[in-house]
Amino acid sequence: MAQRAFWKGYLKLSLVTCRVAMTPATSESGKVRFHTLNARTGNRLVSRYVDAVTGEPVDAEDEVRGYPRGEDEYVLIEDEELDAVALDSTHTIDVDSFVPADSIGWLWFDRPHYLLPDDTVGEEAFSVIREAMKSTGMVGISRLVLYRRERAVMLEPRDQGIVLWTLRYGDEVRDAKDYFAGLDDDRPDPELMKLVLRLINERTRPWDPGMVRDPVQDRLLDLIAARKKGRKRQTKPREQTQEPASNVVNIMDALRRSIASDSASRKKTR
């Protein structure tokens, strides 16, 4: 079932504007979540902020945000001041530039959202912007206030709609060169490459969402179902996984054994 839009506003490209609605493309509502209870009474526990010095609980109206400027010194910022910082991008996605779709590394992608026209009047404008990006292989770059901060966003055409990705801030993405620069860049042994390429080829499968299912979630649901019926589910102790060898003496032999093992496994499943 499609979720209700959590944001509504306008998509704007130069003088072309249309009303749009947006909803997060991902959800964690199906995850198993637990409440913390008092084991003696069975009542839920309530968390409260406590003054770090006096130990006294603090009422909500006395809470204020503070930016540290020294040891035990803070610059106090009111919520009204934070709201005043918000820009025009609160309600309008004004696409001011385009870049090749493959020029943005996936490390910059933060949260995906589905963007679609919010009324029939704007469908034509929405569709022409979407199809123009498709035909040119471009994605749109804009800015938008979401989650209380203005963020750079990327608009990517997808099927009959647009996926809007919030992008990470520049100071959030670490430069890979700081970590990979010292690694050996020599070409590996061609024979080793052949064996690894064979392994990759034999293990290549069509993408299936089941590849990223959560087995722990399934076990938790089984456990909860058993408890609802008033019985304890028999759980097996976790098996200790064997640590892989830290130093493979002969990579060629290891790869050959891997290929032989994969071949044997496939024969069993036929």
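Things worth noting here:
- Of everything in the range 91-112 that is of a type in the set (A, V, I, L, M, F, W, C) and assigned to a strand (DSSP E or B), the residue that is surrounded by the fewest Cβ atoms within 10 Å (Cβ to Cβ) is Val99.
- In the condition set (1) of a type in the set (A, V, I, L, M); (2) modelled with pLDDT of 95 or more; (3) part of a loop (DSSP other than H, G, I, E, B), Ala86 is compliant with all but (2).
- Among the residues making up the range 144-158, those that are of a type outside the set (Asp, Glu) and more than 14 Å from Val99 (Cβ to Cβ) are Leu144, Val145, Leu146, Tyr147, Arg148, Arg149, Arg151, Arg158.
- Lone qualifier among Thr26, Thr54 - being of a type in the set (Val, Ile, Thr), loosely packed, with under 10 Cβ neighbours inside 10 Å and over 31 Å from the mean Cα position of the chain (by Cα): Thr54
- Condition check for Glu156: under 16 Å from Val95 (Cα atoms) and acidic (Asp, Glu): yes
- Test: residue in the range 65-74 that is over 30 Å from Arg143 (Cβ atoms), among the small types (Gly, Ala, Ser) and part of a strand (DSSP E or B): yes
- Filter pass, Arg233 being more than 25 Å from Arg33 (Cβ to Cβ), modelled with pLDDT under 75 and not aliphatic (A, V, I, L, M): no
- Residue that is farthest from Val173 (Cα to Cα), among those in the range 113-131 that are among the hydrophobic types (A, V, I, L, M, F, W, C) and open to solvent by 50 Å² or more (accessible area, probe 1.4 Å): Val121
- Taking the listed residues Ala101, Ala25, Ala5, the one that is in contact with a strand residue (DSSP E or B) (Cβ under 9 Å, 6 or more places away or on another chain), modelled with pLDDT under 85 and aliphatic (A, V, I, L, M) is Ala5, with no other qualifying.
- Strands (runs of 3 or more DSSP E) wholly inside the range 133-233 that include at least 2 residues being touching a Gly at 6+ places or on another chain (Cβ under 8 Å) and exposed (fewer than 10 other Cβ atoms within 10 Å of the Cβ): none
The values are calculated or read from the model by the stated rules, or taken from the named source; none is laboratory data. Worth saying up front: this structure is predicted, and the values here are computed from it rather than measured. Using ideal geometry, Cβ is built from the backbone for each residue, glycine included, and neighbour counts are taken over all protein chains shown. The area values use the complete protein model at the heavy-atom level, side chains included, leaving out ligands, DNA and RNA. Shrake-Rupley method; radii C 1.70, N 1.55, O 1.52, S 1.80 Å.
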